[in-house]
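Working notes, structure below.
The values are calculated or read from the model by the stated rules, or taken from the named source; none is laboratory data. This structure is a prediction, so every number in the text was calculated from the model and none was measured. Cβ placement follows ideal geometry from the backbone for every residue including glycine, while neighbour counts extend to all protein chains displayed. Surface areas here come from the heavy atoms of the whole protein model, side chains and all, with no ligands, DNA or RNA. Shrake-Rupley method; radii C 1.70, N 1.55, O 1.52, S 1.80 Å.
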Amino acid sequence: MTGETKLTNLQGNHACALAAISAGCDFYAGYPITPSSEVAERMSVELPRIGGTFIQMEDEIASMAAVLGAAMGGAVAMTATSGPGFSLKQENIGLGIITETPCVIVNVMRGGPSTGMPTRPGQGDIMQARWGTHGDHPVVALAPASVAEVWSETRRAFAIAEAVRTPVILLIDEVVGHLVETVAVDANPEPVTGRVWAEGDPANFQPYEAGPSLVPAMAKPGDGRRAHMTGLTHGPDGFPTQDPATASAMLTRLFDKIETHNSLIERFEAIDCEDADIVIVAYGISARAARRATSLARKAGLRVGLFRPVTLWPFPETAFRTATKSAGRILVAEMNAGQLRMEIERLTSENQHVEGVNRFDGEPITPEAILTAIDQSKEQAA
Amino acid sequence: MSDTSATQRVKFYQTGTHTVGNRLLDEADRTVQASMERANAITSGHRACQGCGEALGARYALDSAMRATEGKLVAVNATGCLEVFTTPYPETSWQIPWLHSLFGNAPAVAAGVAAAFRVKGREDVRVVAQGGDGGTADIGFGCLSGMFERNDDVLYICYDNEAYMNTGVQRSSATPPAARTATTPAVGDAPGNVFGTGKNLPLIAMAHNIPYVATASVANLHDLEAKVEKAMGMRGARYIHVMVPCPLGWGSASDATINLARMAVESGLFPLFEAEHGAVTKTNKIRHQIPVADYLRPQLRFAHLFKKDRENTESLQRIQRMADANIKRFDLLEDGGSAQ
């Protein structure tokens with residue numbers, strides 16, 4: 001990277017597509033779905049230009065499966081979708097997690113459940129991102145709050161996916177996806193560091209043998225190593241097993257792998273939290289409103305701070321606890337019925353009161369709504 | 001308006017054709033539009049685009065089905081334009097029970113509805129499922145095949161406008177070769193959609209040996225109505241594939257919908273036929289096959305094939321060969337008719 005930046009006017013979804021290509025993405029498989037279709041449309045134009053591959057698949061499930069196949073075949077792969085499509089992809093996301101297949105899944109969130117409100121924003125897929133696919137599993141999910149952050153978080157999603165060998169979910173809400181902002185992007189962006197390919201004697205290659213990084217090196221297709229990938233619980237040799245010790249070791253390593261690379265994965269912002277009586281927790285577009293509300297509250301002499309997780313999963317627990325050390329009251333502002341609030345309640349002490357500022361009517365949360373909630377919370381505390 | 005307009009003879013529009021209410025024809029030959037007895041499954045006031053082929057096709061298909069069942073009809077609707085434009089809150093254009101399913105599951109939901117009616121002893125109530133080409137050929141394909149294979153008592157109607165119009169004109173597996181869509185841009189060495197092997201849904205339906213398969217066109221509404229009526233007279237899985245031009249997605253004039261639908265048939269690109277239990281029983285013959293270029297040229301999605309002085313003759317020839325192959329395969333030419 002040269003450090004030079006250029007100013008450009010971008011829609012969030014287009015920023016996602018362009019950042020993906022800048023990060024080295026050379027494969028996209030997708031299916032039309034509002035409000036994410038612009039990602040696919042931009043990819044269909046841009047990928048052929050760089051010799052990449054764009055495939056419009058026959059449905060959401062096939063799109064996710066093709067992304068896994070492409071990544072297994074050596075490509076840097078992604079797909080984009082929205083709620084209903086994200087639901088359909090879940091089984092394949094689980095396959096990506098257990099086979100440790102690097103890929104990026106973009107979910108431009110709309111109002112749900114079901115077909116819901118296709119053109120309206122929502123943040124109702126937070127827990128689905130965490131637990132959408134069945135069984136115990138670790139998940140990495142990022143939630144950008146601006147077009148500039150869509151750019152940086154898309155690049156980071158690929159960096160994490162490739163380095164840690166895991167699917168990474170990018171949760172963009174419809175407002176940010178369709179927002180057009182002027183952003184300063186790298187003038188000469190470099191691709192993210194690629195994945196670790198297996199070296200050494202092919203005869204001794206174990207597909208899921210991992211060193212201290214806990215990330216197994218991947219067999220480069222065609223280099224003579226025997227790849228063996230399966231959705232069945234497997235040992236380091238890749239073969240299915242029901243041996244309790246091996247099964248336990250596999251899943252433990254998957255969890256530990258994410259934790260080991262937490263410094264690469266975790267990102268958050270804590271503003272004015274040091275002395276805060278009240279801390280707002282918000283992500284995505286809701287965090288933009290929360291930021292405004294925080295600054296207005298500060299001007300009014302209230303000690304209010306903002307904790308904004310950019311990495312939603314794994315949730316930045318330690319950072320959150322630090323940011324809310326002085327806070328007696330925590331307001332979680334999100335466009336759902338209180339999904340992240342459940343996580344926050346888990347992380348707070350008995351002396352901390354947690355409330356939600358929620359709406360799920362297809363409209364974003366306003367700074368005024370958060371300010372009102374701050375006032376009410378203050379009165380209750382008094 | 002000229003000052004002689006008042007003295008001009010009244011013109012019955014579309015005289016001599018079979019498209020809309022021609023009052024010069026015998027009553028039996030008139031379209032239902034001319035009849036006060038029209039059943040009206042979908043009423044006016046929906047929000048389809050001007051010149052929407054799907055709105056027209058669905059209205060005639062459903063009206064015909066409604067007449068055939070004396071109004072005892074339930075419609076299941078996959079996600080798509082038809083679902084969206086007929087049901088903007090708090091309004092609906094539907095005069096019959098109407099169930100919106102998901103994008104890809106309308107055949108299975110309809111199969112469940114039909115099974116429930118059978119169990120409840122209400123087999124007099126009939127089920128029509130419908131979807132666009134994306135919901136039918138792509139995401140709903142598995143459910144559709146299952147509905148065929150079990151011979152569920154459902155008429156499935158596919159309104160084929162050859163792309164995902166509801167989400168902003170992305171390609172589907174029913175999009176014709178070379179067509180420009182939002183995901184098949186007209187750039188590079190092979191602009192527009194790829195020349196694939198095709199995915200002929202009526203033939204796939206026939207391969208399930210279901211009782212009835214037909215193709216229909218909004219350019220021939222009498223034929224469409226007759227086919228729906230015939231289908232409703234049968235039990236088991238039935239499939240009708242209606243070609244419905246889309247001014248928005250095709251980049252065509254809103255008053256060109258009927259004409260384009262007719263040219264698709266007369267070029268041989270969209271053969272009209274019926275099949276029972278896997279065998280073609282009837283084809284609508286073509287008197288004079290028109291060149292595919294005549295059909296493609298008015299559509300902006302093919303504009304890149306007709307650049308001034310740089311006509312893409314290779315692509316046009318390939319599409320012409322597809323039309324010619326249909327003419328041969330379905331024996332579409334009338335005796336003494338002329339081919340291209």
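A few remarks follow.
- Normalising the average separation of contacting C-alpha pairs (under 8 angstrom, six or more residues apart) by the number of residues puts the relative contact order of the stretch A:202-263 at 30 percent.
- For the stretch B:85-179, the Cβ-based charge dipole about the Cα centre amounts to some 240 debye (Lys, Arg positive; Asp, Glu negative; other atoms uncharged).
- All aspartates and glutamates inside 12 Å of residue B:72 as judged from Cα atoms, apart from same-chain residues fewer than 8 positions distant: B:63, B:123, B:124
- From the C-alpha gyration tensor of the protein assembly as shown, square roots of 5λ in Å: 51, 31, 26
- Cβ charges +1 (Lys, Arg) and -1 (Asp, Glu), total dipole of the stretch A:5-186, debye: 180
- Residue (of B:208, B:50, A:99) at the positive-pole extreme of the protein assembly as shown, dipole from beta-carbon charges: B:50
- Net charge contributed by nearby residues that have their C-beta within less than 11 Å of residue B:147 (K/R +1, D/E -1): -1
- If both residues of a DSSP beta bridge must be in the stretch B:52-208, then about 15% of such bridges are antiparallel.
- Residue with peak Gaussian network fluctuation, chain B [Cα springs, cutoff 10 Å], from B:75, B:190, B:219: B:190
- Listed by chain and number, the lysines whose alpha-carbon sits under 26 Å from that of residue A:220, ignoring those within fewer than 8 places in the same chain, are A:89, A:257.
- The solvent-accessible area of residue B:141, taken with every protein chain present and a 1.4 Å probe, is close to 60 Å².
- By average C-beta atoms within 10 angstrom, highest first, the peptides B:149-160, A:255-266: B:149-160, A:255-266
- Mean per-residue shielding of peptide B:183-189 is 4, counting Cβ atoms of other chains within 10 Å of each Cβ.
- From its DSSP helices (H runs of at least four residues, each -39,500 (n - 2.57)), chain A gives a residue-normalised ellipticity at 222 nm of -12000 deg cm²/dmol.
- Total charge dipole magnitude, chain B, about the Cα centre, Cβ charges on Lys, Arg, Asp, Glu only, Debye to nearest 20: 200
- Heavy-atom accessible surface of residue A:117, to the nearest 10 Å², is about 70 Å², with a 1.4 Å probe and all protein chains retained.
- Highest mean first, the peptides A:45-55, A:17-27, B:130-140, B:113-123 sorted by other C-beta atoms within 10 Å per residue fall in the order B:130-140, A:17-27, A:45-55, B:113-123.
- Sum of side-chain charges, residue B:219 neighbourhood, beta-carbon under 10 Å (Lys, Arg +1; Asp, Glu -1): -1
- Test item: B:76-82 mean partner chain Cβ contacts at 10 Å: 1
- Annotation: aspartates and glutamates with alpha-carbon distance below 19 angstrom to residue A:299 (same-chain offsets under eight excluded): A:272, A:274, A:275, A:277, A:368, A:375, A:379.
- Take every Cα pair under 8 Å whose residues are at least 6 apart in sequence, average their separation, divide by the length of chain A, and the relative contact order is 16 percent.
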